[in-house]
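Q: Sharing a structure below in structure tokens format, with a few things to ask.
Every number here is computed from the coordinates shown, using simple stated rules; none is lab data. All figures in this text were calculated on a predicted structure; none of them were measured in a lab. Cβ coordinates were reconstructed from backbone atoms using ideal geometry, including for glycine residues, and neighbour counts include every protein chain displayed.
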Amino acid sequence: MLPVVLVAAVADNGIIGRDGGLAFQQRSDLRRFKALTMGKPLVMGRRTHQSIGGPLPGRETVVVTRDRSLASDAAGRVHVAFSLHDALAIAQARALAMGAEAVVIAGGAEIYAAVIEGADRLLVTEIHAAPDGDTVFPPFDRSLFREVSRERHPAGEGDEHPFSFVDYERLR
């Protein structure tokens, strides 16, 4: 099985979203997200997929939903799964077919919560702010992971807040 990598941007107060979208504007995080996910399958919930507006270029999306009326697209860029177990199986198969080295978990909060304790790596952008929001990143047992890198950055062009890129690896 290929590694399962969770990618998220999380504010200091745990907020990840507001009103069905992001709770902050961070161009640096969006660039990192693109670099980390290009050429890989993304597993995400229906609401996250809808907030993005469609499939992202250079990636395939596996949407987890209970809505039986949703269907995979004919182009093979969006795959629909009715359980997280099925979504992970589809993503593993697509990753192998794409030649990807990992499966990416891309949100939202319910998907993160269901996967985080079993993820192989967590690639987190810590947003150094406490924005208002209604979607929170799930707590996780940090003793299961070790921090392998941390890069602190001031807010750059298109960033509302300073941030840190923090990578965690599951302890074996």
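Q: Given only helices, namely DSSP H runs of n ≥ 4 each adding -39500 (n - 2.57), what is the per-residue ellipticity at 222 nm of the chain, to the nearest 500 deg cm²/dmol?
A: Values: 4 runs with 40 residues, N = 172.
Mean residue ellipticity, 222 nm, calculated: -7000 deg cm²/dmol.
Q: Can you tell me the Rg and the Dmax, both Å, for the Cα atoms in the chain?
A: Reported Rg and Dmax, both Å: 15.4, 44.
Q: Students often check this: by mean Cβ neighbours within 10 Å, which of 141-153, 16-28 ranks highest, and how do the rest follow? Before the final figure, lay out each step's value.
A: Details: 141-153: 11.5, 16-28: 17.7.
So the peptides 141-153, 16-28, ranked by packing, come out 16-28, 141-153.
Q: Now for a different question. Using a 7 Å offset from the Cα along the Cα-to-Cβ direction at both R31 and E157, what is the distance between the two label points in nm, to one decimal?
A: Here the modelled spin labels are 0.9 nm apart.
Q: Please list the equivalent ellipsoid semi-axes of the range 76-148, computed as the square roots of five times the alpha-carbon gyration tensor eigenvalues, in descending order and whole angstrom. If you can, show how the numbers build up before the last one.
A: Details: eigenvalues 123, 51, 31 Å².
Those come to 25, 16, 13 Å.
Q: Further question: Given 0.36 nm per residue, what is the gain on full extension from Q50 to E117 after removing their alpha carbon distance, in nm?
A: Values: separation 67, 0.36 × 67 = 24.12 nm, distance 2.54 nm.
Difference between extended and current length: 21.6 nm.
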